[in-house]
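The values are calculated or read from the model by the stated rules, or taken from the named source; none is laboratory data. The shown structure was predicted, so the numbers you read here are calculated from the model rather than taken from an experiment. Here the Cβ positions follow ideal geometry from the backbone for every residue, glycine too, while neighbour counts run over all protein chains shown.
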Amino acid sequence: MSRLVVVSNRVSLPSERAARAGGLAVAIREALDRHGGLWFGWSGETAESPDGHAATVTKGRIDYAVIDLTEAEFEGFYNGYANSTLWPLFHYRLGLVKFQRADFKTYLAVNARFAAALAPLLRPDDVVWIHDYQLLPLAGELRKLGVTNRIGFFLHIPLPGVDTLAVLPGLGTLMRGLIAADLIGFQTERDLQNFYDFVRQEASGTVHADGTVACFDRELEAGAFPIGIDAQGFAALAEKAVTQPDCVQLKEGLGTRKLMIAIDRLDYSKGIPNRFEACEELLRSHPEHRGRVDLVQIASPSRSEVASYRDLRREIDRLSGRVNSAFSELHWAPIRYLARTYPRKSLAGFCRIAQVGVVTPLRDGMNLVAKEYVAAQDPEDPGVLILSRFAGAAAQLSSALIVNPFDVDQCAEAMHRALTMPLAERKERWQAAMAVVGRSDVRTWWTSFTTRLRNADSRAGITPSRSLALRSD
Ligand code: ADQ
């Protein structure tokens, strides 16, 4: 079987402990380990004048190859174009989009540098799997260097509809690079349909009845591959974790009060302010919950070099302060907001203790926390998941209480309903959700993507460098 080469912005090096690396990194290692593999990407370090060659280390059947970025590249590629242009745009936050031509140039140059460092490491029958929005044009850059290997791309975040995509200057350059792949994977059918709409409406391409695409002089495959978690592993972790000191401490601190848990990266896509407002509305409209429920929000700080993330942090501090000062009593405060990262084991235990999981992003590719919350529950006394309709996970977890996170009153009502739901209904909803989380786990995700990629019909022309215009170019 041919070797798998995974390319992602950040490589999780073997020295990074699994507890820190997170579920996705562990799953990618498992995929690479299956037939031997190479994991290529940025080291996470900056250097004054980085070597063009990748530094490599081997552990078991996996080679890791990383390159450093310069400070200016990190700023323009990562903080700039990836996280201040693409991230807000792909999450439908047009008001937060900052576009600077210099950042775009740096983004393209870094993708070209990734390609130049990776190409010499590739063997003729390697299968290359590129991940996420930081590397949208990488397949095209590899093709320019004569790489003819099978290339797949998976987008972890949503793909917005054409009207939103069309806002992006340079969209044609990005999409031509992306469409140089042989298989493009998305989280949901909706993202896939948005891609098809782009192909038809913006690029004058064709979507065939079997879902393959003819566009920019190439033919390629596309599909929805909803990402999952290691459901069995997370369930076992949660069951054991409840005796951990921090879980015991949390439980003792609660006494007879109920717990609503929220766990996120501190990101404006996750809807944390709306969630705090919903909690405020719950306590206002259902005073019977005052002193009887805690909302614990764990938010790991993220991208703090980007101004919109610093603004968000201030906003969350302000809102949690407002709700707490309005409702706290001597022995109780409604919101506990912990801006830090916790080991996976603790998070699993927190999820199991919580009667309600509040997962209400304004927009999310999938949202693994929703699936982790489900997997962590005690089958005999499961909690209730409140889930945003704008998380990719909502397409699968229809037995959750599905809410519109912009509708604060509706979210507050869902909190009330979850806190008062009878056991029989909780069990029924949880069993339906757990069946999906167990069936569509992370191994199913990577196996189905890599199998489809290995079998992808390579009808594609391999040099899509001919400039083919978009309707909007
Ligand atoms: P993220 O935006 O990072 O991922 P998510 O899917 O929720 O969002 O994954 C976060 C992971 O980090 C989860 O496994 C969670 O347990 C962990 N985590 C969150 N907060 C933490 C904390 N405070 N301490 C420790 N761990 C924490 C992107 C996309 C998502 C998509 C994933 C995977 O934005 O939509 O689901 O990739 O494709």
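Quick notes on this structure:
- Test: residue in region 450-466 that is modelled with pLDDT of 95 or more and in contact with a helix residue (DSSP H, G or I) (Cβ under 9 Å, 6 or more places away or on another chain): yes
- Boolean, Ala393 is outside the structural domain of Pro158 (by TED's automatic domain parsing) and either touching a His at 6+ places or on another chain (Cβ under 6 Å) or farther than 18 Å from Glu281 by Cα (or both): yes
- Filter pass, Tyr342 being within 27 Å of the chain's Cα centre (by Cα), modelled with pLDDT under 95, within 13 Å of the ligand (Cβ to nearest atom) and assigned by TED's automatic domain parsing to the domain that holds Val248: yes
- Leu362 being assigned to a strand (DSSP E or B), touching a residue at least 24 places away in the same chain (Cβ under 8 Å) and crowded, with 21+ Cβ neighbours inside 10 Å: no
- Within region 259-289, considering residues that are among the polar types (S, T, N, Q) and within 24 Å of the chain's Cα centre (by Cα), the one nearest to Thr341 (Cα to Cα): Ser269
- Pairs linking a residue in region 77-92 that is assigned by TED's automatic domain parsing to the domain that holds Ala109 to a residue that is among the hydrophobic types (A, V, I, L, M, F, W, C) and part of a helix (DSSP H, G or I), with Cβ atoms under 6 Å and 6 or more positions apart or on different chains, are Phe77/Val110; Tyr81/Phe104; Pro88/Leu96.
- Filter result for the condition that a residue is touching a Cys at 6+ places or on another chain (Cβ under 6 Å) and in contact (Cβ under 8 Å) with a residue 12 or more places away in the chain, over Ala412, Ala376, Ala393: Ala376
- Of the residues Val296, Val306, the single one that is surrounded by 15 or more Cβ atoms within 10 Å (Cβ to Cβ) and in contact (Cβ under 8 Å) with a residue 60 or more places away in the chain is Val306.
- Against the criterion of being surrounded by 17 or more Cβ atoms within 10 Å (Cβ to Cβ), within 11 Å of the ligand (Cβ to nearest atom) and either under 28 Å from Pro245 (Cα atoms) or in contact (Cβ under 8 Å) with a residue 40 or more places away in the chain (or both), Ala348 qualifies.
- Residue pairs meeting the criteria (Cβ under 6 Å; at least 6 apart or on separate chains; first of a type in the set (Asp, Glu), in region 260-275; second not in a helix (DSSP H, G or I)): Asp264/Ala299; Asp267/Ser302
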